[in-house]
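The values are calculated or read from the model by the stated rules, or taken from the named source; none is laboratory data. Because the structure is predicted, anything quoted here is derived from the model rather than measured. Glycine gets a Cβ as well: all are built from the backbone with ideal geometry, and neighbour counts include every protein chain shown.
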Amino acid sequence: MQPPYLQLKNVGLTYEQEQKETIRQFSLDIKKGEFISIIGKSGCGKTSLLQIISGIQKPTTGLISIGSQEVNEPVDELSYIFQKPILLEWKTVLENVVLPIELKRKLTEKDMYKAKEMLESVGLSDAIHKFPYECSGGMQSRVAIVRALIEQPSILLMDEPFSALDSFTKNQLHVQLNHLINAYKPTVVLVTHDLQEAFFLSDRIVLLGGEPGTLLQEYQVPFPRPRKKNMLISQKFYDFQQDIIERLHL
C-alpha cells in the first residue's frame, strides 16, 4: 500500500481573539498524486484547512507533514490558486505566468518556451501578449492555473477557483485542468461547493461540516482519471452522484 504523502493529524484551529473554534480534530491521509476535493457549507473551515496545509496558517493543535517533514512555515514545493486569479494588471499573460520563476532567479529561454507551450495547451497561444483587463474571466483563470503549475509543484491547492464562472466556461476549464494535472501529476486539494466539479475531478471527496468543522465522511470516486465530459451523462456516473447526494441529504 502506498504510504501517505500529505498527512493532517488531529488538526484544530481556534482564533483566540474571537474565541472561535473553526476546525476540530481533523485527520486525513493523502497519497502522492491523489486529487482530493473538500466540500461543505460556508463557514465550516474549508479555506482555513487549505491555509493550514500551505503553512500560511498555523494550527492550534495537531500537525501537518509532507513526506516526512512537518509543516511549520510556507512550503516551497506548493502552489496555491485563490478564488480570484490575482494577476498583475501591468504585466502581460506571459509575464504573469513566469512571475514565480522571475522572483527566484533570472528567466531563461527554456522558461519562456515552457510557459508558451503550457499556455498553448489551454488555448491561450494568441493571448500571451495581452494584459489581464483584455482577457475574459475564463482566460484569467487559465492563466492562474498555468502560473501555479509552471514550476511543477508537488502539491497544488485550489480554493474555489471556478466559482465565479459560467457553467460552459467551467466545463472547459475542468477538461483543461484534467489535462494539466495528468501531465504534471501534482497532489491536489480542491475546495469547492460544486458537487459535479468534485465528482468529475476527484479521486476522493471529503465532506467537512459542522461548526467547528469536522470530517463527516469520505467518498471514493470509482472512475479512473483523467475523465472525459461525456462521462457525466453516463448512467453509472449519474447513479454514483445521486447516491452521494442522497447521503448528504441534499
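Here are the numbers for this structure:
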{"quantity": "Any hit, region 184-192, residues being surrounded by fewer than 19 Cβ atoms within 10 Å (Cβ to Cβ), closer than 19 Å to ASN230 by Cβ and of a type outside the set (Val, Ile, Thr)", "calculated": "no"}
{"quantity": "Selection count, region 1-54, where residues are under 27 Å from ASN178 (Cα atoms) and surrounded by fewer than 15 Cβ atoms within 10 Å (Cβ to Cβ)", "calculated": "7"}
{"quantity": "Selection within region 1-56 - at pLDDT below 90 and among the acidic types (Asp, Glu)", "calculated": "GLU16, GLU18, GLU21"}
{"quantity": "Qualifying position, being at pLDDT 80 or above, exposed (fewer than 14 other Cβ atoms within 10 Å of the Cβ) and not aliphatic (A, V, I, L, M), among PRO212, PRO222", "calculated": "PRO222"}
{"quantity": "Test: residue in region 91-106 that is over 22 Å from PRO153 (Cα atoms) and in a loop (DSSP other than H, G, I, E, B)", "calculated": "yes"}
{"quantity": "Some residue of region 170-190 being in contact with a strand residue (DSSP E or B) (Cβ under 9 Å, 6 or more places away or on another chain), polar (S, T, N, Q), under 25 Å from ILE233 (Cα atoms) and modelled with pLDDT of 90 or more", "calculated": "no"}
{"quantity": "GLN25 part of a strand (DSSP E or B), farther than 19 Å from ASP159 by Cα and in contact with a strand residue (DSSP E or B) (Cβ under 7 Å, 6 or more places away or on another chain)", "calculated": "yes"}
{"quantity": "Residue check, ALA198 surrounded by 19 or more Cβ atoms within 10 Å (Cβ to Cβ) and out of contact with any His (no Cβ under 7 Å at 6 or more places or on another chain)", "calculated": "yes"}
{"quantity": "Residue list for region 55-79, filter: buried (at least 20 other Cβ atoms within 10 Å of the Cβ) and in contact (Cβ under 8 Å) with a residue 60 or more places away in the chain", "calculated": "ILE66, VAL75, LEU78, SER79"}
{"quantity": "Only one of MET139, MET158, MET118 that is modelled with pLDDT of 90 or more and closer than 18 Å to ARG225 by Cβ", "calculated": "MET158"}
